[in-house]
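The values are calculated or read from the model by the stated rules, or taken from the named source; none is laboratory data. On a predicted model such as this, the values are computed, not experimentally measured, just so you know. Cβ atoms come from the backbone with ideal geometry, glycine included; neighbour counts cover every protein chain shown. The accessibility values were calculated without ligands, DNA or RNA, using every heavy atom of the protein model including side chains. Shrake-Rupley method; radii C 1.70, N 1.55, O 1.52, S 1.80 Å.
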Amino acid sequence: RFRRDWRVWRFRRYRRKRSFRRDWRFRRFRRYDDIREELQASRIGFFTPNQIELFPDREFEVFVTISTLSEMRSDQTRNYLEQIERTVRDVVYLKQWANWENVEDGRSFSRADIAFRELSRVMDRNDAVQDLFLEQVWKRR
């Protein structure tokens, strides 16, 4: 119990020191202009796939997505990857199931389903902790 409380205190202390840039809190929005100023003052944000479609090209320096692609239909996966490529300026980090079979939906997903036209893969490995996951890093060419 003491150890957990200490971590919370340390996190709060860290947050006070870094208060000049805060994290963007998830919420619904319909237009990018409604959140633009607040988002630009933030270090990090969490968004749903449909919200990403609202962002301008190359809005994000880094795009991170973990365990998302296998939960989508094939058309949703393609759209999501296209949106990632469109909105990222520099680097994409993916951590996904290396192979996934959804029997109910008849959907399978594999490493081969991940592709970008304007990004180069610079890392592709199995996760060190959960070896059924893959980790990939992609950089803009």
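Local charge for Ser120 was computed over the other residues whose Cβ lies under 9 Å away, with Lys and Arg +1 and Asp and Glu -1, and equals +3. The amide H of Arg107, built 1.01 Å from its N in the peptide plane, has Asn102 as neighbours under 5 Å, considering only residues 5 or more places off or on other chains. Computed from backbone phi with θ = phi - 60° and the Karplus coefficients 6.51, -1.76 and 1.60, the 3J(HN,Hα) list for the range 78-93 is 4, 4, 4, 5, 5, 5, 4, 4, 5, 8, 8, 8, 10, 10, 10, 10 Hz; x is used for glycine and proline. Checking the a/c ratio against 1.5 first, then a/b against b/c, what shape does the Cα gyration tensor give for the chain? Verdict is oblate for the chain. Neighbours of Gly45, meaning other residues whose beta-carbon lies under 11 angstrom from its beta-carbon, give a summed charge of +1 when Lys and Arg score +1 and Asp and Glu score -1. Accessible surface for the chain, divided over its residues, is 74 Å² per residue with a 1.4 Å probe.
Mean projected area of the convex hull spanned by the Cα atoms of the range 56-115, taken over all viewing directions: 3.9 nm².
Taken one residue at a time, the phi angles of the range 111-125 give Karplus couplings (6.51, -1.76, 1.60, θ = phi - 60°) of 3, 5, 6, 9, 8, 10, 8, 10, 10, 9, 6, 10, 8, 8, 8 Hz. Gly and Pro are set to x. Here the 3J(HN,Hα) profile of the range 27-37, calculated from phi with Karplus coefficients 6.51, -1.76 and 1.60 at θ = phi - 60°, is 6, 6, 8, 10, 9, 4, 4, 5, 10, 3, 4 Hz, Gly and Pro shown as x. A simple count of charges around Val129, restricted to other residues whose Cβ falls under 11 Å of its Cβ and scoring Lys, Arg +1 and Asp, Glu -1, yields -2.
For the chain, the share of accessible area belonging to carbon and sulfur comes to 47 percent (1.4 Å probe, ligands and nucleic acids excluded).
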